[in-house]
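The values are calculated or read from the model by the stated rules, or taken from the named source; none is laboratory data. Predicted model only: the values in this text are computed from it and were never measured. Heads up, the Cβs are rebuilt from the backbone with ideal geometry, glycines too, and the neighbour counts pull from every protein chain shown.
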Amino acid sequence: MATKINDKELLQLIKDRLNEDAHSQKVIEQLNNELKEINSKLEASESMKSHFISHIANELVNPFASVLGLSKAILAVDRENWKKVISMVALIHTEVFNLDFQFKNIFMAAKLEAGEESPTPVNVDMHKLIESVIESYKIECKKKKISIKHAFAGEYNFKTDPDKMKLVISNLMSNAIKFSFDEGVVEVVAQHEHKQLSIAVRDYGIGLSEKNRETIFDRFNRVDSGINSNNRGHGLGLSVNKAIVDMLSGTMTVESELGQGSCFTITVPELDVPEFGYSPNADETFFDMDENAEIF
Amino acid sequence: MDNLVITHYLFPAELFAEAQPHVVSTVLGSCVAVCLYDTQLKIGGINHYMLPLWNGTGLASPKYGNIAINKLIERMEKLGSNKANLVAKVFGGGNVLSSSNNTFSIGKRNAQLALDMLAEHKIPIIAQSLGGDHGRQILFNTHTNEVRQKYV
């Protein structure tokens, strides 16, 4: 039996349908656009990856070339000319220091992407660890006449993965120094309370535009700063940091204003590996859980 | 028998697959762990991913399901497994986040991704415990393929 429907109602129905269609069309279009965007992002990231070696070739080849040249020059220096030797050794140190830092990031990124990294919790004197990172950037700072202020509130002892924390802080320090103006100040403020450690690294350098703030965690992304275009780097530091902080179940936030500088803050909880009851001998039940355990 | 069973605690975004027998433990909330087991070689591997899809931001790490599952299969193949001999057990994807996050239903999407991707790879799922409102603690014996699960 056909439903009776007058023309007016029919028209309204058709209109509604058309509206609905138009709406879903719009949604589909929107989703499509989003997909396209993600797709192009993925493609760009993958092509960056495949060109990674050629991208960073200069970063790796140049330091080696200068180390080779400098060491040759040192061999040729007169015995009496110590000052010259020392200045050249300082240059070698800078090059090798940067290289070492870059390698650490590259290998960490590779291991994180392969899922082969896991944190090893150790009781660490975080104050000492932060100081040692600052100390390692002393020469870098001297060159740009940057002074570093640091403060630590709370208990120094903290259970975490020291190597990973060191790399995370180094990445923040390296960026802060790189993007500071000459004679600037970099502040490192750490706070340990309620089993949470937060470390903020602030610089008063070039800062980030809103657009750059969104992409800084992308791998291989290098901020094109314009005024500081001779900045080196492989664009891995912050994405490595993000992945490490994720692994430590922490967070990393950034506040930044173009021309005002940036402040990166990481917060990580004390690292705890849950202990599971298990028998180390395979001849017993290999683990011992209560009756609530289901077996699959 | 005094051979030791080595234990390993699996962190989020980590992969584990080794030839020697291990007991791998992990804790899952909205995360999902896929245990793969080679019925011929009697070896197993497991991942623990937090989000379903990598969107091109940050490192392409096994934090993301689409990467974690493919990489785990790769790792098993590297250990000599034939994909046809693999079976899977899938755990996690609980709805443990506060209700404000319900709209994203990360757990559900994580779980669905595992089902979809394993079907695509034609790897049979022989056991699963997905969804619900609780977190899970699991122990996976990579030699016997036994998984013990407890809600936490």
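From the list A:E95, A:E131, A:E140, exactly one residue is among the acidic types (D, E), surrounded by 14 or more Cβ atoms within 10 Å (Cβ to Cβ) and modelled with pLDDT of 90 or more. Which is it? Steps first, answer last, please.
Working: A:E95 fails: modelled with pLDDT of 90 or more; A:E140 fails: modelled with pLDDT of 90 or more.
That would be A:E131, the only listed residue that is among the acidic types (D, E), surrounded by 14 or more Cβ atoms within 10 Å (Cβ to Cβ) and modelled with pLDDT of 90 or more.
Within the stretch B:25-47, the only residue that satisfies the criterion of being within 10 Å of chain A (Cβ to nearest Cβ) and of a type in the set (A, V, I, L, M) is B:V27. Checking each residue in the stretch A:130-170 for being in contact with a Lys or Arg (Cβ under 7 Å, 6 or more places away or on another chain) and closer than 16 Å to A:P119 by Cα picks out only A:L167. Taking each residue of the stretch A:161-185 that is part of a strand (DSSP E or B) and looking for partners that are of a type in the set (S, T, Y) with beta-carbon atoms closer than 9 Å, six or more apart or interchain, yields A:V185/A:S147; A:V185/A:Y204. Within the stretch A:25-49, residues that are in a helix (DSSP H, G or I) sit with their Cβ atoms under 8 Å from residues that are among the aromatic types (F, W, Y) and surrounded by 11 or more Cβ atoms within 10 Å (Cβ to Cβ), at 6+ positions apart or across chains, in these pairs: A:L42/B:W54; A:S45/A:F220; A:M48/A:F220; A:K49/A:F220.
From the list B:Y64, B:Y49, which residue is touching a strand residue (DSSP E or B) at 6+ places or on another chain (Cβ under 9 Å), under 29 Å from A:E43 (Cβ atoms), in contact (Cβ under 8 Å) with a residue 24 or more places away in the chain and not hydrophobic (A, V, I, L, M, F, W, C)? Step through it out loud before you land on a result.
On the way: B:Y64 fails: in contact (Cβ under 8 Å) with a residue 24 or more places away in the chain.
Unique residue meeting the criteria: B:Y49.
Residues that are acidic (D, E) and loosely packed, with under 10 Cβ neighbours inside 10 Å occur in the stretch A:1-21; there is at least one. Can you spot a residue in the stretch A:55-70 that is surrounded by 10 or more Cβ atoms within 10 Å (Cβ to Cβ) and closer than 30 Å to B:L53 by Cα? Scanning the stretch A:55-70 turns up at least one residue that is surrounded by 10 or more Cβ atoms within 10 Å (Cβ to Cβ) and closer than 30 Å to B:L53 by Cα. If the condition is being closer than 22 Å to B:L28 by Cβ, in a loop (DSSP other than H, G, I, E, B) and basic (K, R), then the stretch B:38-71 contributes only B:K63. For the stretch A:111-128, a tally of residues being surrounded by 18 or more Cβ atoms within 10 Å (Cβ to Cβ), of a type in the set (A, V, I, L, M) and facing chain B (nearest Cβ under 9 Å) returns 1.
Does the stretch B:13-20 include one or more residues that are out of contact with any Lys or Arg (no Cβ under 8 Å at 6 or more places or on another chain), facing chain A (nearest Cβ under 10 Å), assigned to a strand (DSSP E or B) and at pLDDT 90 or above? So that I can check it myself, show each step before the final result.
The initial filter retains those residues of the stretch B:13-20 that are out of contact with any Lys or Arg (no Cβ under 8 Å at 6 or more places or on another chain), namely B:14, B:16, B:18-20.
Pick out the ones that are also facing chain A (nearest Cβ under 10 Å) and you get B:14, B:16.
Of the ones still in play, those that are also assigned to a strand (DSSP E or B) are B:16.
So of that shortlist, the ones also at pLDDT 90 or above come out as B:16.
So far as the stretch B:13-20 goes, yes, one or more of its residues are out of contact with any Lys or Arg (no Cβ under 8 Å at 6 or more places or on another chain), facing chain A (nearest Cβ under 10 Å), assigned to a strand (DSSP E or B) and at pLDDT 90 or above.
Within the stretch B:3-30, the set of residues being of a type in the set (A, V, I, L, M, F, W, C), more than 11 Å from B:I138 (Cβ to Cβ) and touching a residue at least 12 places away in the same chain (Cβ under 8 Å) comprises B:V5, B:I6, B:F11, B:A13, B:L15, B:F16, B:A17, B:A19. Across the stretch B:48-76, the qualifying residues are those that are surrounded by 24 or more Cβ atoms within 10 Å (Cβ to Cβ) and within 22 Å of A:L236 (Cβ to Cβ), and the one among them that is farthest from the other protein chains (Cβ to nearest Cβ) is B:Y49.
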